[in-house]
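Some notes on the structure that comes next.
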Amino acid sequence: MEGSPILTHMPKVGQSLDRRTTRDVIVEKLMVLIATNMLRPGDVLPGERELANVLHVSRETVRGAIQTLAARGIVEVSQGSRTRVCNVDLSHHTVTIASPSAIDSYDLEDVHAARLHIELKVVGDAAERVGDDTMSKLRSLLDAQKLCGDDAMRFLICDREFHVAIYRACGNPLLSDFVTDLYTYMMNYRRSAMSRPGAIDASYDDHVEIVEALARRDREAVVAAFRQHLTRIYDTTKELLT
């Protein structure tokens, strides 16, 4: 599990990954969730077991990552092992190529057009290249999403892992990093949008359709399902921004 290439494949931007441990990767993943406002100051993190299941690592790895973040003052572990996000500003933390503050400076229409132009190419390529390990991870993430109920924070943690796993399957690390950055656009609004009644169920249904199309390695169906999904994201984000 911990040696999964899906998990350990991280961008080689400005640094060597030769000495990065799985714990380091999980630390980075959690920092990205905070930097993009998917996790907000005061939020209580899901438990070790839940995070381990979603991130496909052991509980010990999650525990070590949380200890590292606590030592940096990014999270606080209180009595009873509840982990709470501290009031820290990580908005300039690089996600893959750019920081969330850089991505958020663009207009919604421009970001949506870029996602349609590039992301549909990426997921189409993923449909032709996706492996059994990635498909297994995506099905596991669908199961985890079912357990989120109406908790937008928990759903979005799964959602990010879901999207990134598909992006990575395209076979082009630069393109996958770029669309991952686009994915983080206005995440604070995305969390608000996902808190609306029926939003999680609609997104989950989109995900099921995407996984079914990927399982058939049907490029056209994957692109169509993602186009519908991206349009839903655009519409709900626009409602909140206007």
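Taking the Cα centre of the chain as origin and assigning +1 to Lys and Arg Cβ atoms and -1 to Asp and Glu Cβ atoms, the resulting dipole is close to 560 debye.
Averaged over its residues, the chain has an accessible area of 47 Å² per residue, based on protein heavy atoms and a 1.4 Å probe. Remark: the stretch 139-144, residue by residue, has Karplus-estimated 3J(HN,Hα) of 5, 5, 5, 4, 4, 5 Hz, where x stands for each Gly or Pro and the curve is 6.51 cos²θ - 1.76 cosθ + 1.60 at θ = phi - 60°. For the peptides 165-172, 105-112, the ranking by mean Cβ contacts within 10 Å, running from highest to lowest, is 165-172, 105-112. Full extension of the chain between Leu174 and Asp143 gives 8.2 nm of extra length, using 0.36 nm per residue less the Cα-Cα distance. Over the chain, the hull volume per residue, using the convex hull of the C-alpha atoms, is 119 Å³. Taking a ≥ b ≥ c as the square roots of the Cα gyration tensor eigenvalues, the stretch 58-104 comes out prolate, since a/c reaches at least 1.5 and a/b is larger than b/c.
What part of the accessible area of the chain, given as a whole %, is carbon or sulfur when the probe is 1.4 angstrom?
Working: 5370 of 11370 Å².
Carbon and sulfur together cover 47 percent of it.
Distant-in-sequence amide contacts of Asp43, defined by a placed amide H-H separation under 5 Å and a gap of 5 or more residues or a different chain, comprise Val85.
For Ser58, nonlocal amide neighbours, meaning residues 5 or more places apart or on other chains whose placed amide H falls under 5 Å from its own, do not occur.
Loop-located trypsin sites (Lys or Arg not before Pro) in the stretch 80-128 (DSSP state not H, G, I, E or B) with no more than 15 neighbouring Cβ atoms inside 10 Å: Arg82. In terms of packing, defined here as the mean over residues of other Cβ atoms within 10 angstrom, the peptides 180-187, 157-164 line up highest first as 157-164, 180-187.
I want to check a number: in the chain, how many lysine pairs have alpha carbons closer than 24 Å, given a sequence separation of 8 or more or different chains? Before the final figure, lay out each step's value.
Details: Lys12/Lys29; Lys12/Lys121; Lys12/Lys137; Lys29/Lys137; Lys29/Lys146; Lys121/Lys137; Lys121/Lys238; Lys137/Lys146.
Value for the chain: 8.
When the Cα gyration tensor is reduced to axis lengths a ≥ b ≥ c, the ratio a/c is 1.5 or higher for the stretch 37-133, and with a/b not above b/c it is classed as oblate.
Derived scalar couplings between HN and Hα for the stretch 222-239 equal 5, 4, 5, 5, 6, 4, 4, 5, 5, 5, 5, 4, 4, 4, 6, 5, 4, 4 Hz in order, rounded to whole Hz, by the Karplus curve 6.51 cos²θ - 1.76 cosθ + 1.60 (θ = phi - 60°), x for Gly and Pro. Per residue, the chain reaches -19500 deg cm²/dmol at 222 nm when only DSSP H runs of four or more residues are counted, each adding -39500 (n - 2.57). Across the options Leu120, Val88, Ala215, the greatest Cα extent toward the positive end of the charge dipole of the chain (unit charges at beta carbon of Lys, Arg, Asp, Glu) belongs to Val88.
Under the criterion of Cα pairs below 8 Å and six or more residues apart, the relative contact order for the chain equals 22 percent.
Couplings 3J(HN,Hα) of the stretch 145-156, computed from phi: 5, 4, 8, 6, x, 9, 8, 4, 4, 5, 4, 5 Hz, in residue order, whole Hz [Karplus 6.51 cos²θ - 1.76 cosθ + 1.60, θ = phi - 60°; x for Gly and Pro].
The values are calculated or read from the model by the stated rules, or taken from the named source; none is laboratory data. Everything numeric here is computed off the predicted structure, so don't read it as measured data. A quick note on method: Cβ atoms are made from the backbone with ideal geometry, for glycine too, and the neighbour counts reach across all protein chains shown. Remember, those area values only see protein heavy atoms, side chains included, never the ligands or the DNA or RNA. Shrake-Rupley method; radii C 1.70, N 1.55, O 1.52, S 1.80 Å.
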